[in-house]
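The values are calculated or read from the model by the stated rules, or taken from the named source; none is laboratory data. Just so we're clear, the structure is a prediction, and the values are computed from it rather than from any experiment. Cβ: placed from backbone, ideal geometry, glycine included. Neighbour counts: every protein chain shown.
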Amino acid sequence: MNRNKPNQLSNAHSGPAFIGYLMIALWFLLTVMAPASARAEMSAAFTLTAQDILPEIEMALSDNGMPVGGEVALSAPGQIVSSGGPAIIQHISYNANSGRFILRIVGAPAPVAGVVKTTETYPMLTRDVARGDVIASSDIAFIETGAANSARYIKDADALIGMEARRPLRAETPLRDSDVIAPVLVNRGALVTVTFVSDGLRLSHQGVAQDAGAKGDVVAVENVASERTLKGVVAGRNLIRVFSTNSNSVEG
């Protein structure tokens, strides 16, 4: 009986029963597996990521104040925003100062976020500057760079020349108004030169500053000779100018 078993198995593999099983397997592959694969391919074809709709995002940002030449950087370019149709932008929030934005898309599981970067030319320092140093024209060069919040940076070199660094400043970095301050040219209690100007007449005398001030500040100064207190405008280092139209002069 053992000798006949191999023949029986061989006959079973080549007989009608085996062919029937093979046909059932082929039917299963054609009618069940193929449609599932086709559905997967169709679903993948209609899946959109944030990167896929970048032109639409750029257009929406332009309509909401994005500067010309702005470059959009997505936080998650591969983020899926649609799996079965077009991606429709429902709401957009854009901060022109920071360049950051958030978009909400109909049906998307999460909002799309990113930042707008702009390439502009700014006056920057050519060297590192320590706190308290006064910036000279030779310390400044115009450098082109990309910044996300360009509205916050100084674009006029005249706004930097003669200013004092409020903190250590690095070279080739855009500067903000809060990085610099007008240097104090007159200290309280300092001996100063007071210049009185009236109808072409110019008189000078010594005085003692009662206030500290930067250029253009109004400070009180006491005349050493008369002990009168006047108010004048800081015009330079330990230099105060008083005009004849000064209505703020007071007796000491």
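Data overview
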item: Residues satisfying the stated conditions in segment 90-105, i.e. surrounded by 13 or more Cβ atoms within 10 Å (Cβ to Cβ) and of a type outside the set (Gly, Ala, Ser); result: 92, 94, 95, 100, 101, 102, 103, 104, 105
item: Cβ-Cβ under 7 Å pairs, at least 6 apart or on other chains, segment 220-239 side more than 11 Å from residue 205 (Cβ to Cβ), far side outside any strand (DSSP E or B) and among the hydroxyl-bearing types (Ser, Thr, Tyr); result: 231/249
item: Checking residue 205 against (1) in the same structural domain as residue 232 (by TED's automatic domain parsing); (2) under 24 Å from the mean Cα position of the chain (by Cα), the condition it does not meet; result: (2)
item: Residue list for segment 54-72, restricted to those being surrounded by 13 or more Cβ atoms within 10 Å (Cβ to Cβ) and either more than 22 Å from residue 118 (Cβ to Cβ) or touching a residue at least 40 places away in the same chain (Cβ under 8 Å) (or both); result: 57, 60, 61, 66, 67, 70, 71, 72
item: The lone exception for residue 107 - which of (1) assigned to a loop (DSSP other than H, G, I, E, B); (2) over 23 Å from residue 75 (Cβ atoms) it fails; result: (2)
